[in-house]
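See structure below.
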Amino acid sequence: MKILDLKLEANNLDTILEFYSETLGLKILEQTPTALRFQAGDTQLTFIAKSTTKAQYHFAFNIATNHVNQAIEWAQTTGLMLLPSPKDETITYFDTWKAQSIYFWDKNGNLLEFIAREDTQIQKEVPFTPKEMLNISEIGLITKKPIATGEAIQQQIGVDFFSKATPLAEFCALGDDDGLLILVTPNRTWYPTDILAQRSPATIQVEVEGQLHTIETLDWE
């Protein structure tokens, strides 16, 4: 599954512009008083202005398998603080998922992640900058019943539960290494922080076996 387009809410587009354009250096595709759209690898990322929103998101960018340490060096050079794991390590190793991740905040309170997945077998010769990210590969979504919601999405778009993660009552994932919908229960903490997950509006356009589908997070409880 590929996440082609991700639309999120933000209560301050100025800080969105500063972080995603200046810090991450993403290309601006559209800039209006009410929206900002960026190119994040193969995914388009849009923030819609809503002054009253309290939306908070967790999403991840796939990077090349040889770029993790370079991403850490880039963060140190740019002054971007990386979040430690519970073991007080910069890199979190997910053995079952065959992945390595580093985490950081944007300036609007969204939890972001660079993740390198071994099974993508993608390496790059050029040095890491965020412009070299591959795509947005995960978006965290909140639902009271992750497995039931996952089954409903499965019926809607024909995507399977992630083969590397056993579905649990409080957490499950749909998709594959290219794109995952992470379904969690309300008030579950987002790793590696103590921040509680909260339901936030999002529109996700995905491609599954050549077919396009749009998912609205407010379509379920």
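What the table shows:
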read-out: 3J(HN,Hα) from dihedral phi, region 109-119, Karplus parametrisation 6.51/-1.76/1.60, rounded to Hz, x for glycine, proline; value: x, 8, 8, 10, 8, 9, 10, 10, 10, 4, 6
read-out: Spin-label model distance (nm) - D95 vs T78, 7 Å beyond Cα toward Cβ; value: 3.2
read-out: P(r) of region 67-213 over all Cα-Cα pairs, binned every 10 Å from zero, in whole percent; value: 10, 38, 37, 14, 1
read-out: Accessible carbon and sulfur surface of the chain relative to its total accessible area, %, 1.4 Å; value: 46
read-out: Links that overshoot a 21 Å alpha carbon limit, given the list K2/K107; K87/K145; K50/K145; K87/K124; K27/K98; K54/K107; value: K2/K107; K87/K145; K50/K145; K87/K124; K27/K98
read-out: Average accessible surface area per residue within the chain, 1.4 Å rolling probe, Å²; value: 49
read-out: Where Rh is the Kirkwood radius over Cα pairs, Rg/Rh for region 94-139; value: 0.98
read-out: Percent of beta bridges antiparallel (DSSP, the chain, rounded to nearest 5); value: 75
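The values are calculated or read from the model by the stated rules, or taken from the named source; none is laboratory data. Worth saying up front: this structure is predicted, and the values here are computed from it rather than measured. Please note: Cβ atoms are built from the backbone with ideal geometry, for glycine as well, and neighbour counts cover all protein chains shown. The area values use the complete protein model at the heavy-atom level, side chains included, leaving out ligands, DNA and RNA. Shrake-Rupley method; radii C 1.70, N 1.55, O 1.52, S 1.80 Å.
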